[in-house]
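Read the structure below first, then the notes.
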Amino acid sequence: SAQELFAREQETLDEMTELAESSRALPDARVRKLIDWIREHMCPDLPPIGKSVESEPSPRWNDMRLLIFTEYEDTKRYLVEQLNAAIASTHRANDRVQVFSGSTPDAKRKEIKRAFNADPAKHPLRILVATEAAREGLNLQSYCYNLFHFDVPWNPSRLEQRNGRIDRMLQPEPEVFCHYFFCITHCFLLN
């Protein structure tokens, strides 16, 4: 009957809603891969996503810096939330992530640029999340040789402009690594 059919459909919709709500705050595959990379290269004792460190001392960071580009403000906001949650139990967690976007005031932009180019032994900033506002005119190569394209723009010249923030003259490292994600049924990280 129509009532039974409607009741089954409503039950299915309720189950789908419950499943979606239970997954709403969970990181997606790109975030999980990014956090794994951070654990492997920047903060070896970083706990798995959703776990916290119960013992002292807090996980320590090495001196590596990371630049992450996003295309959209919503992606930037989501990524920063996920990063902050993942690193919350680490040493000086509140000082590790900064954002450079179109809405960042000029004075704050200068402060972020200065911090990101400062000796990592003297400044705790390790991860800079940037939107397209940072793709031109910034020299960020002093202590950074890893860049992630969290969102990939349609225009390939924008990728080159982003890469150019760290792949430029006076880059002290012999190699620069620009990382991209690709998806088949799961997300994988390409170097």
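Residues considered: 130, 86, 20. Largest GNM mean-square fluctuation over the chain, using C-alpha springs under 10 Å, is found at 20. Oblate is the label for segment 131-187, because a/c, from the alpha-carbon gyration tensor with a ≥ b ≥ c as root eigenvalues, is 1.5 or above and a/b does not exceed b/c.
The angle between the Cα long axis of helix 106-117 and the longest principal axis of the Cα atoms of the chain comes to about 70 degrees, rounded to the nearest 10. Pairs of Lys residues in segment 31-179 that lie 8 or more places apart, or on two chains, and have C-alpha atoms under 24 angstrom apart add up to 9. Of the options 148, 133, 182, report the single residue whose Cα projects farthest towards the positive end of the charge dipole of the chain (beta-carbon charges: Lys, Arg +1; Asp, Glu -1). Going by the Cα projections, it comes out as 133. Once you have a ≥ b ≥ c as the square roots of the Cα gyration tensor eigenvalues for the chain, tell me rounded if a/c is under 1.5, and otherwise prolate or oblate according to whether a/b is larger than b/c. Note, shape of the chain comes out prolate.
For residue 146, the residues whose modelled amide H falls within less than 5 Å of its own, excluding neighbours fewer than 5 places apart on the same chain, are 67, 177. Against the chain, whose longest principal axis is taken from its Cα atoms, helix 2-23 shows a tilt of about 20°. Between helix 29-41 and the chain there is an angle of about 40 degrees, using the helix long axis and the longest principal axis of the Cα atoms. Taking the 1.4 Å solvent-accessible surface of segment 17-90 as the whole, the part contributed by carbon and sulfur is 50%.
Specify whether the C-alpha gyration tensor of segment 1-88 places it in the rounded, prolate or oblate class, a ≥ b ≥ c being the square roots of the eigenvalues: rounded for a/c under 1.5, otherwise prolate if a/b is larger than b/c and oblate if not. Prolate, because a/c is 1.5 or more and a/b exceeds b/c.
Using Cα pairs closer than 8 Å and at least 6 residues apart in sequence, work out the relative contact order for segment 17-88, in percent.
Values: 35 pairs, mean separation 23.9, N = 72.
Averaging sequence separation for qualifying contacts and normalising by length gives 33 percent for segment 17-88.
Given a 1.4 Å probe, how much area per residue of segment 42-182 is accessible, in Å²? Write down the numbers at each step before the final one.
Numbers: 7300 Å² over 141 residues.
For segment 42-182, the per-residue accessible area is 52 Å².
Go through 138, 170, 5, 26 and list them by solvent-accessible area, largest first, probe radius 1.4 Å. Walk me through the numbers on the way to the answer.
On the way: 138 20, 170 155, 5 85, 26 105 Å².
Per-residue accessible area, sorted high to low, gives 170, 26, 5, 138.
The values are calculated or read from the model by the stated rules, or taken from the named source; none is laboratory data. All values reported here derive from a predicted model rather than from experimental measurement. Cβ coordinates were reconstructed from backbone atoms using ideal geometry, including for glycine residues, and neighbour counts include every protein chain displayed. Surface areas here come from the heavy atoms of the whole protein model, side chains and all, with no ligands, DNA or RNA. Shrake-Rupley method; radii C 1.70, N 1.55, O 1.52, S 1.80 Å.
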